[in-house]
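Please treat every number below as a calculation from the coordinates, not as lab data. The structure presented is a predicted model; accordingly, all values stated were derived computationally and were not measured. Positions of Cβ are backbone-derived with ideal geometry, glycine not excepted, and every protein chain shown enters the neighbour counts.
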Amino acid sequence: MRQASVVAAGALVAGLLVATGPASTAAPAGRGASLRASEPPAAPASARIGSRVVLGGLDHPWDLAFISKKRFLFTERDRLRISLGTVGGGRRTVGRAAGLWSGGETGLMAIELAPRFARNGQFYTCHGWRSAGRTDVRVARWRLNDARTKARLVRTIVRGLPSTSGRHGGCALVFGRNGALYIGTGDAASSRTPRRLKSGGGKVLRVNPRTGRGWPKNRWAGSKNAMKRRVFTYGHRNVQGLARRGTQIWNVEQGTSRDDEVNRLRRGGDYGWKPGPGYDESVPMTDHGLPGKQRKARWRSGYPTIAASAGAWLRGKRWGRKSGRVLAITALKAQQVRFLAFNKRGRLVKQSRPARLYRRYGRLRGITVAPDGVLYVSTSNGGGRDRIIRVVPR
């Protein structure tokens, strides 16, 4: 998930977030002591939020990316198609590819525009793939023609990301300011995968978008193993959102019943997920009892979790002082958008939940900021009942 680089003027919104008082909730014990929620529960937001449906009749729209002020590409996980939508409600299918595969939580997932999309029409997707009876998760480069009517898959740049049943397939994409492509992956519900550096699962990878090779400044850039050279961070369960804040990359990670997380990523960082043996999901999402140093999450849901899915930084004048400070995240199970305000040091200072979006549209999956600063959110209810929703402050 990402935000567009163009911002437009809008109304200044004050008081979007409200502070919350101390609170904690007990959760089932796993390795170590019983868990208490690390953050207070979100209170309803004080600012007014307006929303309306832009598109309906969709099936698990996973992600969307604006190609202009009024047009966007979006993916549908199980229909395995890329479509061009408009803010006025228009749509047309522009891309499919033989070999795309959906199963469980995996299918046609993240979409990210190349930095020079306006010139070359290139974009990237992360998706399930079936070949010779085997399945994996891959990242590929596509090109949309000048008429914006047809997209074709040009080249697969990363393959072999683990997928068996389709559980925990990730997947998230975002470009860094330096031109590197970051890829957030899932652990495929495998005990060894998150901490095995030769596996691409349960990681955030940083690659050259042209070749798919590891970025030369990665911690293990000198490794003999091609996948290890790609690893930026490890010890993740299921990375479903990536968002850039200046030069920083943040992730939204879907957890077990113990915790969902938001993390600020550091090169070579260990984020502490080790569910072995037997894929024990009662262990902490970030287990500080493991050898070495584990990076502390910047936000944790505590128990019960909300099934955090994606994230985008609010941008543009219509959000006032909240622009660049508030990460908006979607939640599947809790059916809400959560606004998380962080200071310049990356410390959580406030959080809130817009009442307008709470359990109104069902399970919420994707979230993107348009060039004019408007939020667009997709649902994940299935059965052809899904929608893309326009969200604005009033």
- Task: Provide Rg and Dmax in Å for the chain, with only Cα atoms included in the calculation.
- Result: 19.4, 59
- Message: Going Cα to Cα from LYS317, which aspartates and glutamates come in below 13 Å? Please leave out same-chain ones fewer than 8 positions away.
- Response: ASP372
- Message: Charges at C-beta only: +1 for Lys and Arg, -1 for Asp and Glu. How large is the resulting dipole of the chain about its Cα centre, in Debye rounded to 20?
- Response: 1340
- Message: For ILE49, ILE389, which order do you get if you count the other beta carbons within 10 Å of each Cβ and list the fewest first?
- Response: ILE49, ILE389
- Candidates ARG195, ARG77, ARG295; GNM for the chain (alpha-carbon contacts under 10 Å) flags as most fluctuating ARG295
- Message: Quick check: pseudo-label points 7 Å beyond the Cα along Cα→Cβ at ASN145 and ARG267, how many nm apart are they?
- Response: 4.2
- Say the dipole of the chain comes from +1 at the beta carbon of Lys and Arg and -1 at that of Asp and Glu; which of CYS126, GLY202, VAL283 then lies farthest toward its positive end? CYS126
- Normalised by the number of residues in the chain, what is the relative contact order in percent for Cα pairs under 8 Å and 6+ residues apart? 21
- Message: Once R0 is set to 51 Å, what does the formula 1/(1 + (r/R0)^6) return for the Cβ-Cβ distance between THR156 and ARG48, expressed as a FRET efficiency to the nearest 0.05?
- Response: 0.65
- Task: Go ahead and run the numbers for FRET between SER68 and LYS333, Cβ-Cβ distance against an R0 of 41 Å, rounding to 0.05.
- Result: 0.75
- Among LEU173, LEU64, LEU357, which one shows the biggest mean-square fluctuation in a GNM of the chain, springs joining Cα atoms closer than 10 Å? LEU357
- Task: At a Cα cut-off below 25 Å, give the lysines reachable from LYS293, other chains included and same-chain residues fewer than 8 away excluded.
- Result: LYS198, LYS203, LYS217, LYS224, LYS228, LYS274, LYS344
